Amino acid sequence: MRNYFYILLIILGMTDQLKSQENMDSVEHIITNLGLTVNTPYDEFSPIISSDGLVLIFTSTRPILKEDIAKKNQGFENVYISYYNDMTWKWSEAKMLGETINQPGRNNSPIALSNDGQRMLLYRGDPDGNIYESVLNGEQWSEPVKLPEPINSSKHESTASISPDGRTIYFVSNRKGGQGKLDIWLSHQDNTGTWGKAENLGATINTDDNEEGVFIHPDGKTLYFSSMGHNSSGGFDIFKSIFENGSWSTPVTLGNSINTPEDDLFFTLTADGKTGYYSTAYLGNVGSKEGTISKEKTAATDSLVRTILDAQILIEEQIKRVQNAKLVITDLKQEKAQQVIRETQVQLAQMAIEVQKVIKEAQALLVVKEVLVNMGAAGASSDTISITSTGRNNIAAAPIAATMREGGYGKKDIYEISFKNKKTESNLTLFKGVVMDFETLDPIGTDIEISDNDKNEIIANIQSNSVTGKYLISLPAGKNYGITIKKKGYLFFSENFDIPVSEAFKEINKNIQLQKFNVGNTITLKNVFYDQGKATLKPESLSEINQLVNLMNLNINIKIEVASYTDSEGSASSNLTLSQARSQSVLDFLFSAGISKEQVVAKGYGESDPIASNDTEEGRKLNRRTEIKILEQ
């Protein structure tokens, strides 16, 4: 065990030394081939990624029929999936999806994934080429359904992308009325589920040549696409445009370090703006603003640096897991806290195993590095080049001379771009986790409603996965969001995110436990707001209280208590009076909505029963709350 920690300290020390050289030796982005777990000697392209960057779905023409395998012929386009392991920082071996998605004897290609990862759009090789939609039911994708007009037409529709709220689809078509050949269009869905008239994005985006590979970022305003126009450097180049003040900005190229003389297509970007994926047919090296980066198969010394960095990443990630677990434990009853502790202990045990594996790899690679260093002292060979290695969290390492192999594995490969500049980070919040039953901790499928509190309107409806209970919500900055998670037979859960326009990217992991309709159970109404020091309900509270109205209309036999609390600012008597008045304000609204006076009572508790310290503003904010308690059912 002592040796284990000595090695750990050595690795951390080496990493700190590499970090100190970051300003001098790092580059703005790193382009890396995803390797043989994803790429093959055949074509891989059209990568789509989940918002959190943990699921990769892509197209491959690797042969699957015996005769094609024997002759090394390319097969049809089929859909494959790979998962990112955030313990080991590696992509899993890609697996082909079943025949529900990969219909035999035709081309099947994934082209878009909704932000929550529950809807996938596919291209299928119909005679005219069409866009289909599949929904993730538990762990199985449903039979793809052809999207209706005006998205599909008698012309060719090839690629598409889904907006963060799921109500707009951007797509590529060569239909009449465009600016050129293949153009980018969009269609909005109304509250009845009907798709509106197709709208061309106009001459700012579309040219008299071809546009392809459209992708709208989870921030809802940044569009990436490939074009043969806009003075591309050859073939398709990748461009970026931002929707501001009601119009699209002039597209800008992602630069010669990403775009090549060949076709560069299907760019997609994680929600945090740090990691992109695309496919290219270019077999040479890619230059950067600082030094030269190769689209390489990782050399031994590069692997050493990556391994050292990955060891630190593993440790940092697990420290975060423990910190998150501590936050969860403080909010749970004793028996629930004990279960979370047990789950955390299992995670830490798994982490220890993974770190030991990394350390063993590092020890082996240290020997390789020593050999290469000795070779360098005797005179490095002429085919060595300078590279800069990076981990996925963009910690840069010092340049190392290493023999590299140019190009990829096939004509078309999928590459990862790790962006280092903080200017690429997105202004949005990613809210994710698992919805589970409070008593059994079993995952459950639920409906999730996302509201704009300021406008008192629902802007999106999604579901947590029916088998895993997982959910993922992308919330672009600049709105006051109300999140409601509900399921028949359970009390709803609410959360509030008031996100300023300039708010930096944030990822919040939260497992949500829904309580059943049992006497004594309580929920906090996190989207009920009052004027400062008053009992007047703010207008942005209406969406939440309407949820309560619907709940009571569906359960007419229940009786509830509306309980309000304050912080400890002011006198105890004034706080008691204020809390009673606030509870009564909620009751008055319920009565005006037709709820019987026999179903509800109001109670103010003042500054009693705090759930957080009153010594901080954050604690006082948590203590100022309104709760619902089931009295009878």
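The values are calculated or read from the model by the stated rules, or taken from the named source; none is laboratory data. Quick caveat, the model's predicted, so the values are computed rather than measured. Every residue, glycine as well, gets a Cβ built from its backbone with ideal geometry; the counts of neighbours run over all protein chains shown. Remember, those area values only see protein heavy atoms, side chains included, never the ligands or the DNA or RNA. Shrake-Rupley method; radii C 1.70, N 1.55, O 1.52, S 1.80 Å.
Descriptive notes on the structure:
- Complete set of residues in the stretch 543-565 that are over 13 Å from Ser494 (Cβ atoms) and open to solvent by less than 60 Å² (accessible area, probe 1.4 Å): Val549, Met552, Asn555, Ile558, Lys559, Ile560, Glu561, Val562, Ala563, Ser564, Tyr565
- Strands (runs of 3 or more DSSP E) wholly inside the stretch 167-235 containing at least 2 residues that are at pLDDT 95 or above, under 26 Å from Thr275 (Cα atoms) and among the β-branched types (Val, Ile, Thr): 168-173, 211-216
- Where a residue in the stretch 613-633 is in contact (Cβ under 8 Å) with a residue 24 or more places away in the chain and its partner, wherever it lies, is of a type in the set (D, E, K, R) and assigned to a strand (DSSP E or B), with Cβ under 6 Å and at least six apart: Lys629/Glu561; Leu631/Lys559; Leu631/Glu561; Glu632/Lys559
- Selection over the stretch 447-464 of residues that are in a loop (DSSP other than H, G, I, E, B) and under 17 Å from the mean Cα position of the chain (by Cα) gives a count of 1.
- Flag if Gly117 is among the small types (Gly, Ala, Ser), at positive phi, in contact (Cβ under 8 Å) with a residue 24 or more places away in the chain and out of contact with any helix residue (DSSP H, G or I) (no Cβ under 7 Å at 6 or more places or on another chain): yes
- Selection status of Thr446, on the phi < 0 side of the Ramachandran plot, surrounded by fewer than 18 Cβ atoms within 10 Å (Cβ to Cβ) and hydroxyl-bearing (Ser, Thr, Tyr): no
- Which listed residue, of Ser613, Ser579, Ser592, is open to solvent by 30 Å² or more (accessible area, probe 1.4 Å) and more than 38 Å from the chain's Cα centre (by Cα): Ser592
Residue-by-condition table, conditions (1) hydroxyl-bearing (Ser, Thr, Tyr); (2) over 27 Å from Leu34 (Cβ atoms); (3) in contact with an Asp or Glu (Cβ under 8 Å, 6 or more places away or on another chain):
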{"site": "Ser426", "(1), (2), (3)": "yes, no, yes"}
{"site": "Phe431", "(1), (2), (3)": "no, yes, yes"}
{"site": "Thr440", "(1), (2), (3)": "yes, yes, no"}
{"site": "Thr446", "(1), (2), (3)": "yes, yes, no"}
{"site": "Ile450", "(1), (2), (3)": "no, yes, yes"}
{"site": "Pro476", "(1), (2), (3)": "no, yes, yes"}
{"site": "Phe493", "(1), (2), (3)": "no, yes, no"}
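- Which numbered condition Tyr277 misses (of (1) at pLDDT 95 or above; (2) in contact with a His (Cβ under 8 Å, 6 or more places away or on another chain)): (2)
- Flag for Gly138 being out of contact with any strand residue (DSSP E or B) (no Cβ under 9 Å at 6 or more places or on another chain), farther than 22 Å from Tyr80 by Cβ, among the small types (Gly, Ala, Ser) and modelled with pLDDT under 95: no
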